[in-house]
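Encoded as structure tokens, the structure appears first; notes follow it.
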Amino acid sequence: MHDLVMQPDEPWPSEWLRGVMDVCVLSVLADGPTYGYAIAARLADSGLGVVKGGTLYPLLKRLESAGHLTVEWRAGDGGPGRKYYELTAVGRSQLDAWAEQWSAFVGLTSAIITPTTTPRTGALAPADPEETP
């Protein structure tokens with residue numbers, strides 16, 4: 001059985017993270033406006049691992065440019081101000097579309113990479129038992 005949360009010394013492949021980070025960030029923002037550090041912490045707490053600022057902030061800028069979120073500076077409580085990010089209606093629609101597509105994609109890829117009832121021999125098990133030699 002596989003752990004759902006990767007260990008710090010076993011990061012998720014960067015290609016996978018690049019493919020899913022936009023939808024994950026929009027999903028975090030669906031819970032309400034928040035700032036970059038809190039987004040990164042939520043993603044890390046969810047098991048994606050540490051998301052560095054050099055990855056997160058350009059992604060947030062792209063999402064803002066696409067109209068998926070708005071940005072607002074807010075005064076800090078006894079500290080420096082922070083940039084808060086908030087999902088727009090366009091961002092909500094995009095999140096819903098991407099979430100639906102992601103679910104279909106996960107189902108499709110899982111069906112391909114998960115062995116069926118026979119042990120993996122390097123080839124996929126036939127879908128039809130009559131096709132078995």
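Brief remarks on what is shown
- Per-pair calculated FRET efficiency, R0 = 35 Å: residue 45 and residue 89 via Cβ, rounded to 0.05: 0.80
- Linear extension gain, residue 101 paired with residue 34, 0.36 nm per residue minus alpha-carbon span: 21.6 nm
- Coarse-grained scattering of segment 14-99 at q = 0.14, 0.22, 0.24, 0.25 Å⁻¹, given as base-10 log I(q)/I(0) from a Debye sum over alpha-carbon atoms: -0.45, -1.10, -1.28, -1.37
Where a number appears in this text, it was derived from the coordinates with a stated rule and is not lab data. The structure displayed is predicted, hence computed values, not measured ones. For neighbour counting, all protein chains shown are included, and Cβ atoms are generated from backbone atoms with ideal geometry for every residue, glycine included.
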